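Only one structure is covered here, and it is reproduced in the block below.
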Amino acid sequence: MISSLAYAIILMGCSDDMAMCKEMVRDQRVFATLQECERTEARALQSDVALEIDYPVVASKCAAAGKKFAQKGASHIEG
């Protein structure tokens, strides 16, 4: 069976100890594989969008993308 999963980058604002994180923005680009998404994460963390997040720590994660990803996000998160 072929998987229809796709992945997107989520940027989160976190407390210093990373105990609390809040989703801030989702990249509306969709990646075909988790590996492709993860290769783009480092650039996302250095992007203007990430630098504007007013939290002590900014983190990212690649998550399975669904229809709700189109509801909130930046068209591209890149530097």
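Mind checking the dipole of the stretch 7-65: about its Cα centre, +1 per Lys or Arg Cβ, -1 per Asp or Glu Cβ, Debye to the nearest 20?
Roughly 240 debye, rounded to the nearest 20.
Using amide H atoms built in the peptide plane, which far-off residues or other-chain residues are under 5 Å from ALA6 H to H?
Hits under the 5 Å cutoff: ALA65.
Per residue of the stretch 39-56, in order, report the coupling 6.51 cos²θ - 1.76 cosθ + 1.60 (Karplus, θ = phi - 60°) as ³J(HN,Hα) in whole Hz, putting x for Gly and Pro.
5, 8, 4, 4, 5, 4, 5, 9, 6, 4, 4, 5, 5, 7, 6, 8, 9, x
Considering the convex hull of the alpha carbon atoms of the stretch 7-65, report its projected area averaged over all viewing directions, in nm², one decimal.
Quarter of the Cα hull surface area: 3.8 nm².
Picking from PRO56, MET18, ALA8, whose Cα lies most toward the positive end of the charge dipole for the stretch 7-65 (charges on Cβ: Lys, Arg +1; Asp, Glu -1)?
Looking along the dipole axis, the top candidate is ALA8.
Taken together, the values in this text are just the output of simple stated rules run on the coordinates, not laboratory data. The shown structure was predicted, so the numbers you read here are calculated from the model rather than taken from an experiment. Don't worry about glycine lacking a Cβ; one is built from the backbone with ideal geometry, like all the others, and counts go over all protein chains shown.
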